[in-house]
Amino acid sequence: MPKRRWIITGLVAGLLGLAIGATAVAAPSIAAIACPQCYGLSSLGEGVYAERDDDAYQRIVTTAEQRISGFYGERTSDARVLICATEECYQSIGGGGEKGQAFGRWALRLSPDGANETIATHELAHIELHKRLGSVYESVPDWFDEGLAVLISDDARYLDPANGGNRCRVPYEEAAPIVDADWATFGDAGSDRKYLLAACVVTHWVDEHGGAAGVLTMISDMRAGKKFSELQ
């Protein structure tokens, strides 16, 4: 596991990138990433900051990082993790109704309900993919980004157990339209069905492309200039 090294210039550049490039990142979120202690979060070591001094939080993050490494063969990202034990804390660092949220390639926050291995892995999967893709990460469709995070986190809410067969919880034909849908507006308010559909489509895509090796090839091709729609 790579040891976290926070270089000031890199952190400043990352925070500036978040401030400029994110669609609507609240000021408390950026400030909390830069100074977790200012929001009542204490360092648990290895880049993990939490409202409560609990070794379980560090174990959650470690397990999530191991899942990322297990899928890709290694982990290239190095994110700062902010964990809240209360809703008051989560709101103070800019959190809303989500269980967790990744910020670019630099950090993530976890709510009290999201402080578990599945959600931590999901958010770290976003960060790892974005780090590997570099400047072209925004070219990856949302359905693929989210579905891959569900797959890597092995989220039982959206996937059947990995037993060598089809993991989709809905027929593939029913899930396929998510590819052409507007991710931001798809589905009823408060519904997470789109994650179920994306997980099904991505699972099929990964199987058809040779597993994790296919994802690595996709990343290499996109960094070389290919569009996602051009990939076979």
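The values are calculated or read from the model by the stated rules, or taken from the named source; none is laboratory data. Remember, predicted model here, so these are calculated numbers, not experimental data. Positions of Cβ are backbone-derived with ideal geometry, glycine not excepted, and every protein chain shown enters the neighbour counts. Calculation scope for accessible area: heavy atoms of the full protein, side chains included, ligands and nucleic acids excluded. Shrake-Rupley method; radii C 1.70, N 1.55, O 1.52, S 1.80 Å.
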So C84, is it surrounded by fewer than 13 Cβ atoms within 10 Å (Cβ to Cβ) and hydrophobic (A, V, I, L, M, F, W, C): no
A189 being of a type outside the set (D, E, K, R) and under 18 Å from the mean Cα position of the chain (by Cα): no
Count - residues of region 88-134 that are part of a helix (DSSP H, G or I), over 20 Å from V150 (Cβ atoms) and open to solvent by 40 Å² or more (accessible area, probe 1.4 Å): 3
A175, sole failed condition from (1) aliphatic (A, V, I, L, M); (2) under 19 Å from the mean Cα position of the chain (by Cα); (3) open to solvent by less than 10 Å² (accessible area, probe 1.4 Å): (2)
T203 being β-branched (V, I, T) and open to solvent by 30 Å² or more (accessible area, probe 1.4 Å): no
Breaking point among (1) open to solvent by 40 Å² or more (accessible area, probe 1.4 Å); (2) modelled with pLDDT of 95 or more, for R5: (2)
Residue match in region 152-162 (condition: of a type in the set (V, I, T) and either open to solvent by less than 10 Å² (accessible area, probe 1.4 Å) or farther than 24 Å from R75 by Cα (or both)): no
Restricting region 48-80 to residues that are touching a Phe, Trp or Tyr at 6+ places or on another chain (Cβ under 7 Å) and open to solvent by less than 10 Å² (accessible area, probe 1.4 Å), the residue that is nearest to G134 (Cα to Cα): A79
Residue match in region 178-188 (condition: acidic (D, E) and open to solvent by less than 80 Å² (accessible area, probe 1.4 Å)): no
Total residues in region 118-144, condition under 12 Å from the mean Cα position of the chain (by Cα) and closer than 19 Å to S69 by Cβ: 14
Search result, residues across region 132-189 that are among the acidic types (D, E), without any contact (Cβ under 8 Å) to a residue 40 or more places away in the chain and in contact with a Lys or Arg (Cβ under 9 Å, 6 or more places away or on another chain): D160
